[in-house]
Amino acid sequence: MTYEETIDYLFHATPVFEKVGASAYKEGLTNTLALDEHFKHPHRQYKTIHVAGTNGKGSCSHTLASILQAEGYKVGLYTSPHLIDFRERIRVNGECIDQERVIRFVEEERSFFEPLHPSFFELTTALAFTYFAEQKIDVAVIEVGLGGRLDCTNIITPILSIITNISLDHTQFLGNTLPLIAKEKAGIIKNHIPVVVGETTAETKNVFEEVANQHEAPLIFAEESNEIIASKYDNALQERVYKTQSLGEIHGDLMGNYQDKNANTVLNAVKVLKNYDLIKLSDNSVRQGFKQVSTTTGLLGRWQCIQKSPATYCDTGHNVGGWAYLSQQLAQQDCAQMRIVFGMVDDKDLSTIMKMLPQNAQYYWTQPSCQRAFPVEKVAQLGRENHLHGKAFPTVKDAYQAAMHDADAQDFIFIGGSSYVVADLLTFFKQ
């Protein structure tokens with residue numbers, strides 16, 4: 001099999017949540033445990049840090065990986081979804097897994113796993129854990145796929161658990177209230193293993209306290225030990241500058257307003273790793289790690305600058321929690337005309353997010369190239385109902401090119417609404 005044939009097999013022979021949604025979701029760990037036993041429990045051969053939450057998992061995971069790499073550790077990083085290439089999900093020191101290793105995994109192991117009828121994510125997790133062991137890494141940062149308690153990453157016993165925040169997302173699987181979702185995500189809390197919670201609400205804080213007490217797990221609320229005193233976005237440097245309690249001024253290459261919360265969560269996680277003597281980290285490594293997250297780990301799509309004239313940015317924020325920050329950041333842009341390329345997938349609260357979009361923008365409604373996409377006609381109709389002005393385009397490429405054609409140098413262009421909108425954009429650029 002070629003690499004392209006292998007990826008095609010994985011995407012069509014196994015249920016893929018990113019493509020088809022609920023029908024790909026498998027509740028329970030039966031397949032994961034069978035795969036783990038078959039591969040001789042590879043995750044036990046290295047330290048792990050487990051990261052869950054509704055928003056910010058990816059930014060926190062990549063930032064921690066960057067810090068650990070700056071310290072000199074060999075670091076595995078497992079995240080989802082990918083934006084351009086499947087191999088983005090599985091990295092060692094920022095380098096994607098080899099194409100040949102993906103091919104060999106499928107060719108050598110399909111006789112074992114096909115009778116299990118595993119999901120795409122179950123197989124990908126088994127590959128990641130096995131590859132990290134083969135690469136003899138020191139530590140892996142493992143991002144939860146969906147939820148926590150029944151997520152197939154939850155077979156690990158980490159040195160630290162992190163839960164970034166809780167908001168209403170994936171309610172068909174995790175529950176339709178914040179406490180129910182919090183309980184699912186708190187399922188990654190393990191006996192006696194410290195847990196850092198980035199943000200809470202009155203409804204979720206008690207849930208975390210109750211679960212942590214049951215497991216006798218040290219519980220740290222990052223918002224009660226606020227490491228971030230202030231921050232500002234430096235447009236000239238294309239950096240976010242943080243004033244911190246412990247490290248003075250640090251610079252970060254992730255520029256979105258929402259990174260304040262993520263940075264505070266990461267800095268509290270670093271304090272726990274150091275204070276509990278879980279892993280050695282220097283202050284210089286923390287500073288260096290923050291400064292080069294994107295270049296060190298390959299992270300894409302977080303308030304990413306595409307070009308400076310006209311100013312063009314994309315972001316993977318895809319739910320109400322993410323748009324609470326994105327709408328504020330868009331409102332802060334000083335431009336002649338704002339132009340927004342926008343599409344979403346069908347398990348998100350499109351109606352609520354429509355009310356959060358700027359009224360003064362020109363819209364280029366579109367849909368990403370996945371089965372879960374809201375049809376562009378529905379997006380455009382909701383836009384009209386919310387008094388937003390724009391035109392409909394069948395693909396992200398078409399919408400982006402129209403926005404660029406219409407824009408003057410003093411305009412501002414934003415592309416987002418879904419990870420898959422950004423994925424289509426970046427794939428177009430690569431091609």
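The values are calculated or read from the model by the stated rules, or taken from the named source; none is laboratory data. Please read these numbers as outputs of a predicted model, since none were measured by experiment. Cβ sites come from the backbone with ideal geometry, for glycine too, and all protein chains shown count toward neighbours. Accessible surface areas use protein heavy atoms only, side chains included; no ligands, DNA or RNA. Shrake-Rupley method; radii C 1.70, N 1.55, O 1.52, S 1.80 Å.
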Between Glu377 and Asp138, what's the calculated FRET efficiency when r is the beta-carbon distance and R0 is 56 Å? Round to 0.05. 0.65
Kyte-Doolittle mean at least -1.0, axial Cα span of 18 Å or more - DSSP H helices of the chain: 57-71, 99-113, 120-134, 202-214, 259-275
Counting DSSP beta bridges with both partners in the stretch 304-430, what percentage is antiparallel, nearest 5? 20 percent
Counting only heavy atoms of the protein chains, get the accessible area per residue of the stretch 304-430 (1.4 Å probe) and round it to a whole Å² value. 42 Å²
Pull up the DSSP beta bridges for the chain and report the antiparallel fraction as a percent, rounded to 5. 35 percent
With runs of 4+ DSSP H residues as the only contributors, calculate the mean residue ellipticity of the chain at 222 nm using -39,500 (n - 2.57) per run, divided by the residue total and rounded to the nearest 500. -12000 deg cm²/dmol
Tell me, what % of the accessible area of the chain is carbon and sulfur with a 1.4 angstrom probe? 47 percent
Simple label model, 7 Å out from Cα along Cβ direction - Glu203 to Phe428, nm: 3.7 nm
Reachable lysines, given that their alpha-carbon falls under 17 Å from the alpha-carbon of Lys391 and they are not under 8 places away in the same chain: Lys378
Suppose the chain between Leu33 and Leu247 were pulled fully straight at 0.36 nm per residue; how much longer would it get relative to their current alpha carbon spacing? 72.9 nm
With all pairs of different alpha carbon atoms counted, what Kirkwood hydrodynamic radius in Å does the stretch 40-127 show? 14.5 Å
How big is the chain by Rg and Dmax over its Cα atoms, in Å? 21.0, 59
Here the gain from full extension of Leu237 to Ser327, 0.36 nm per residue of separation minus their alpha-carbon distance, amounts to 30.1 nm
For a quick protection proxy, order the peptides 139-145, 245-251 by their average other-Cβ count within 10 Å, most packed first. 139-145, 245-251
Take every DSSP beta bridge whose two residues both sit in the stretch 163-263, then give the antiparallel share in percent to the nearest 5. 75 percent
All Cα pairs of the stretch 258-375, percent lying beyond 20 Å: 56 percent
Near Lys391, within a Cβ-to-Cβ distance under 14 Å, what is the net charge of the other residues, with Lys and Arg +1 and Asp and Glu -1? -1
Across the stretch 133-242, qualifying lysine pairs (alpha carbons under 25 Å, at least 8 places apart or different chains) come out at 4
Of Gly147, Ser119, Asn360, which is farthest on the positive side of the dipole of the chain, counting Cα position, with +1 on Lys and Arg Cβ, -1 on Asp and Glu Cβ, and the Cα centre as origin? Asn360
Computed FRET value (nearest 0.05) for Gln410 with Met1, which takes r as the C-beta separation and R₀ as 51 Å: 0.50
Where does the stretch 304-430 land on Rg(C-alpha)/(2.2 N^0.38 Å)? 0.93
Sort Ile279, Ile306 by heavy-atom solvent-accessible area, probe 1.4 angstrom, most to least. Ile306, Ile279
Net charge (Lys, Arg +1; Asp, Glu -1) of residues whose beta-carbon lies under 13 Å from that of His50, His50 excluded, is +3
Per residue solvent-accessible surface (Å²) - the stretch 132-267, probe of 1.4 Å: 39 Å²
Listed highest first by mean packing, meaning other Cβ atoms within 10 Å per residue, what order do 238-244, 338-344 come in? 338-344, 238-244
